[in-house]
Ligand SMILES: [Zn+2]
């Protein structure tokens, strides 16, 4: 997640990294898969790149219980509650689409979790200028997949924390950034400023639809992990 005004710079960087390792998964493929498997059709207002994010090509294995931990001394109790609101928001969405993936808050811990299907959330400086948050995926050869979310020290507003966490959890479920998306339409849009969020505090209908599409084609095989490290 980064702030909006560096978007053009981001695009330039992206092009030199061959499209930021975004897989060539189009919304059309997702939609067809969703239709085949009986997921509701795409809500009318969802236009990829305008009001709807696209899928990264990553998803958790069916039935995965993803544990979200907060690194001790990173967040106050009220901040943890604000972060947990976005965990609950995504959980409600996952339940609503019949996904067998469940997020659960594992509480505070002293160190970064090395366990499979864990996400450790901490304070820190996200890499790259003007970033407010960052998610890193670690995919180990023994099959362990774990993630860390780093939240910049400037993000202190509770609503902004919920907004940012909803965005980063969107990545953890396979959504790509959509900095060009209209504000208020998707959790994957850019932040206005450190503490103003992006006006989305729970996954939007379009976010949920794209996640549902990606998980509709669940075959038991895990999609390839995408080597993204932030956004
Ligand atoms: Zn992002």
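No lab work stands behind these numbers, since they all come straight from the coordinates. Owing to the predicted nature of the structure, the values given are computational and were not obtained by experimental measurement. Here the Cβ positions follow ideal geometry from the backbone for every residue, glycine too, while neighbour counts run over all protein chains shown.
When 50, 136, 44 are arranged by Cβ crowding within 10 Å, least crowded first, meaning fewest neighbours, the order is 44, 50, 136. Rg and Dmax of region 73-210, both derived from C-alpha coordinates alone, stand at 14.2, 40 Å. Of the residues 191, 75, the one with the fewest other Cβ atoms within 10 Å heads the list, and the complete ranking is 75, 191.
What length, rounded to one decimal in nm, is gained on full extension from residue 196 through to residue 144, with 0.36 nm per residue of separation minus their alpha-carbon distance? The span from residue 196 to residue 144 would gain 15.2 nm if fully extended. Taking the number of Cβ atoms within 10 Å of each Cβ as an exposure proxy, the fewest-first ranking of 147, 1, 165 is 147, 165, 1.
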